[in-house]
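FYI, it's all coordinate maths here, none of it is from the lab. The structure displayed is predicted, hence computed values, not measured ones. Cβ sites come from the backbone with ideal geometry, for glycine too, and all protein chains shown count toward neighbours.
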Amino acid sequence: MIPATKHPEFDDHEDVVLLDDPGKGLAGFIVIHSTALGPAVGGCRRARYHTLSEALADALRLSQGMSYKNAMAGLAAGGGKAVLCDLGLQFSREAVWTAFGQRLENLRGRYITAEDVGTAVADMQIVARRTRFVAGLPSRLGKAGGDPSPWTALGVFVALQACLERPLAGARVAVQGLGAVGFKLCERLHRAGARLVVADIDSQLTARARLEFNAEIAAIERIHSVSADAFSPNALGAVLNPASIAEIDAPIVCGGANNQLSSPRSGELLLKRGVTYAPDYVVNAGGIINVMAEFHCEAASVVEARVLAIGDRVSELLARARTERRPPNEVADEMARSLLGRSRSRAHPGSVAQEVV
């Protein structure tokens, strides 16, 4: 594995911590991109990676994305990410998360974690026995906390409203992915009177969406090409690539998935096709807004107002992009880097981890 500083995804990251305790099933990285605006904050992802290099690529990318997301959300927080390798062996969950919690505590608050893909509230509860630098725990009466996905879904919902610039009633929205965020988004869209077309690899979820929302079902490999008023990616990253962009039949792309662009050039291709793209890390900031409110023991009532502000933020960003005739992702990256005090231009990358040996 090449050194992190030589990695193509390295962006003057402040710290890369190797997690290597094979006896307890702990392998991966904690990566801190920036603490210019506050402690680095970002979830802990656990997934199957073929190599540590692949995990490092994901961690470097995702931590940079968290810096941009937190900056654009107006949070006093920098960006970081923990990426753990699911080794596919029968390790004690208690051992894995206890070991991770100790490594987190050793950073003395430079990085604050929460649940992410492949992790759960129960995991963070174990981490919390070793360190206080963790959020995403069960909410206390009147306080922010708990599952952040409803807040992420609300942010995507108001961002879609901002993109459409008209009521959602009667609008046809193609939703890719019916996980925690995607399904909650569909609930909100259905209540608002939108007509839904959905796709997911889990046929039980699509059947449930048909029953509860009268949704049409599309094949997962074709959902991006469905004729609709908006396409909302809420599953994996890199869904917006040259091939899929050529087939998109919606004037708006706005969803909760991280790192939707396969490369910065994808933003240019969308612009040339006349498709309005709402940058994902501006749209999906609702969860991290809730996490930060929880960490600071703020009332749950403050979270909604902050998440609703995502709609105005998206409107302002898209208006600037139209005025400057530039891709919205390029404008957002420039704004985020300015907030971080990083004048050197570096486009936010795509999401597909590539092995570097």
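General remarks:
- Spin-label pair residue 243/residue 141, simplified geometry with 7 Å Cα→Cβ offset, distance in nm: 5.6
- Placing +1 on the Cβ of every Lys and Arg and -1 on the Cβ of every Asp and Glu, with nothing else charged, gives the chain a dipole about its Cα centre of roughly 460 debye.
- Degrees, to the nearest 10: 328-339 long Cα axis against longest axis of the chain: 40
- Placed amide H near residue 326: partners under 5 Å, 5+ positions off or other chain: none
- Its Cα gyration tensor gives the range 230-331 an equivalent ellipsoid; the semi-axes, largest first and in whole Å, are 28, 15, 10.
- Estimated at 0.36 nm per residue, the fully extended path between residue 191 and residue 309 surpasses their Cα-Cα distance by 40.4 nm.
- Entry note, the range 4-127: relative contact order of 31 percent, from Cα contacts under 8 Å with a spacing of 6+ residues.
- Relative pair counts by distance (%), Cα atoms of the range 1-135, 10 Å bins: 14, 47, 33, 6, 0
- Along the range 232-246 the Karplus relation, 6.51 cos²θ - 1.76 cosθ + 1.60 evaluated at θ = phi - 60°, assigns HN-Hα couplings of 10, x, 9, 10, 7, x, 6, 6, 9, 10, x, 5, 6, 4, 5 Hz to successive residues, with x for each Gly and Pro.
- Flagged links, alpha-carbon separation over 24 Å, of 69/184; 24/81; 6/81; 24/143: 24/143
- C-alpha long axis of helix 203-213 to longest principal axis of the chain, angle in °: 50
- Packing-based ranking, highest mean first, of 301-312, 142-153 given that Cβ atoms within 10 Å are counted: 142-153, 301-312
- Rel. contact order, % - alpha carbon contacts under 8 angstrom, at least six apart, the chain: 18
- A Förster radius of 25 Å combined with the Cβ-Cβ distance from residue 86 to residue 222 puts the calculated FRET efficiency at roughly 0.25.
- Between the range 297-311 and the range 227-269, the alpha-carbon center distance in angstrom: 27
- Computed over the alpha-carbon pairs of the range 147-212, the distance histogram in 10 Å steps reads 22, 56, 22, 1 percent, short to long.
- Integer Hz, Karplus 6.51/-1.76/1.60 couplings in order for the range 247-255, x for Gly and Pro: 9, 4, 10, 9, x, 9, 10, 7, x
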